[in-house]
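Peer 1: Sharing a structure, written as structure tokens. Questions coming.
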Amino acid sequence: MPDSPLTADAFARSTDAVLASVSRVIDGKPAAVRAALVCLLAEGHLLIEDVPGVGKTMLARALAASIDASVRRIQFTPDLLPGDVTGVSVYNPVDREFEFKPGAIFAQIVIADEINRSSPKTQSALLEAMEERQVTADGTSHQLADPFLVVATQNPLEMEGTYALPEAQRDRFMMRISMGYPDAASEAVMLRQRDTRNPLEQLTPVVGAAQVRDLIAWARSVHVSPAVEEYSVALARATREHPDLRLGASPRATLQLVRAAKVWAALDGREFVIPDDVATLVEPVFAHRIIAVRTSPTARARSAADTISAILRSIVGAVRVPLATR
């Protein structure tokens with residue numbers, strides 16, 4: 001817990017201010033903005049899969065500007081090396097010893113742009129950073145910033161010259177979302193507001209990094225009853241036992257589902273998680289981690305994404321929801 005514990009009202013005021021600030025730049029996408037904040041406060045990472053030009057990178061930059069966080073953008077390309085991401089040891093002729101030069105991963109918010117355009121070796125450089133929040137070079141561990149969030153983007157349409165993220169890499173992301181196109185009204189507002197100025201330049205921090213750490217600690221303390229924990233486990237186990245799935249949700253997915261549900265509940269002004277919080281987050285937390293059986297009738301009738309969404313909806317509808325005790 002933080003030194004000066006927050007109240008539910010103080011948590012709501014701070015998070016509402018962040019959501020409002022980011023929404024000034026990301027027009028008409030409250031769900032995407034909320035998902036990014038959930039990942040930050042639940043100490044997870046976010047994968048945004050969508051077509052170019054819908055605001056994926058802008059979302060990460062707006063979040064960083066709203067919380068007074070350092071931000072770095074890494075453009076993933078086929079010639080990007082792991083050392084470009086994590087850092088390298090360079091010989092210092094003056095001191096006659098090697099010294100570590102931090103890479104681009106040493107920031108509080110890291111934008112991994114078009115992550116699937118780099119080689120698997122470079123992609124794997126993120127594994128330790130995302131899971132352990134540290135980088136190990138020449139046997140020495142270097143701690144990353146706190147808070148720490150990786151926002152990765154990938155384009156689902158241009159598949160030539162790309163390397164699909166392996167299951168181990170996808171499992172490190174707490175949530176996968178799609179921005180989607182803005183509605184007509186939001187797009188018209190965007191044209192008027194961005195004709196002469198960059199909206200990012202107008203943003204000022206509404207909370208500091210220290211306050212973000214307090215918000216994380218508050219969200220971590222949100223109560224999860226044993227019944228809701230069992231419900232979360234039942235949903236994960238259902239994906240592992242479903243006949244149309246050949247890879248179900250991992251135990252890490254279950255853990256991150258509960259962590260995300262805690263933040264979701266806190267954003268709604270509650271100090272406890274309800275089953276609806278968990279059910280709402282099943283698709284964004286589980287969908288990118290599971291693989292459908294291609295020969296199943298469901299998979300043949302739909303695209304891969306639609307198949308997985310349909311299966312997850314059926315699982316949520318079939319798993320028994322715990323009832324409140326009197």
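The values are calculated or read from the model by the stated rules, or taken from the named source; none is laboratory data. The shown structure was predicted, so the numbers you read here are calculated from the model rather than taken from an experiment. Note: ideal-geometry Cβ built from the backbone for every residue, glycine included; neighbour counts use all protein chains shown. Side chains included, ligands, DNA and RNA excluded: accessible areas come from the protein's heavy atoms. Shrake-Rupley method; radii C 1.70, N 1.55, O 1.52, S 1.80 Å.
Peer 1: Suppose we keep only residues that are among the small types (Gly, Ala, Ser) and on the phi > 0 side of the Ramachandran plot within the stretch 52-81. Which one would you say is least open to solvent (accessible area, probe 1.4 Å)?
Peer 2: Result: Gly55.
Peer 1: If you go through the stretch 269-277 one residue at a time, do you hit one that is open to solvent by less than 40 Å² (accessible area, probe 1.4 Å), within 22 Å of Arg172 (Cα to Cα) and either in contact (Cβ under 8 Å) with a residue 60 or more places away in the chain or not aromatic (Phe, Trp, Tyr) (or both)? Write out each step before concluding.
Peer 2: Taking the stretch 269-277 as the starting set, the residues that turn out to be open to solvent by less than 40 Å² (accessible area, probe 1.4 Å) are 273, 275, 277.
Cutting the leftovers down to within 22 Å of Arg172 (Cα to Cα) gives us 277.
Subsequent filtering for residues that are either in contact (Cβ under 8 Å) with a residue 60 or more places away in the chain or not aromatic (Phe, Trp, Tyr) (or both) retains 277.
The answer is yes; a qualifying residue exists.
Peer 1: Being in contact with a strand residue (DSSP E or B) (Cβ under 7 Å, 6 or more places away or on another chain), in a strand (DSSP E or B) and under 28 Å from Ala236 (Cα atoms), is that true of even one residue in the stretch 126-138?
Peer 2: no
Condition check ((1) open to solvent by 50 Å² or more (accessible area, probe 1.4 Å); (2) over 25 Å from the mean Cα position of the chain (by Cα)) across all residues:
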| site | (1), (2) |
| --- | --- |
| Asn155 | no, no |
| Glu167 | yes, no |
| Arg176 | yes, no |
| Met179 | no, no |
| Arg194 | yes, yes |
| Pro205 | yes, no |
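Peer 1: Within the set of pairs 6 or more residues apart or between chains, which connect a residue that is within 23 Å of Leu63 (Cα to Cα) inside the stretch 81-109 to a residue that is among the basic types (Lys, Arg) and at pLDDT 90 or above with Cβ atoms less than 8 Å apart?
Peer 2: Ala104/Arg72; Ala104/Arg73; Ile105/Arg72; Phe106/Arg72; Ala107/Arg72; Ile109/Arg72
Peer 1: Then there is this: Which of the residues belonging to the stretch 219-253 are hydrophobic (A, V, I, L, M, F, W, C), part of a helix (DSSP H, G or I) and more than 20 Å from Arg170 (Cβ to Cβ)? Steps first, answer last, please.
Peer 2: Looking only at the stretch 219-253, we keep the residues that are hydrophobic (A, V, I, L, M, F, W, C), and these are 219, 222, 224, 227-228, 233-236, 238, 245, 247, 249, 253.
From the residues that got through so far, the ones that are part of a helix (DSSP H, G or I) too are 219, 227-228, 233-236, 238, 253.
The answer is Ala219, Ala227, Val228, Val233, Ala234.
Peer 1: Here's something else I'd like to know. Would the stretch 208-215 turn up any residue that is over 18 Å from Arg172 (Cβ atoms) and part of a loop (DSSP other than H, G, I, E, B)?
Peer 2: Step one: filter the stretch 208-215 for residues over 18 Å from Arg172 (Cβ atoms), giving 208-215.
Okay, now just the ones that are also part of a loop (DSSP other than H, G, I, E, B), so 208.
Yes; the residues of the stretch 208-215 include at least one that is over 18 Å from Arg172 (Cβ atoms) and part of a loop (DSSP other than H, G, I, E, B).
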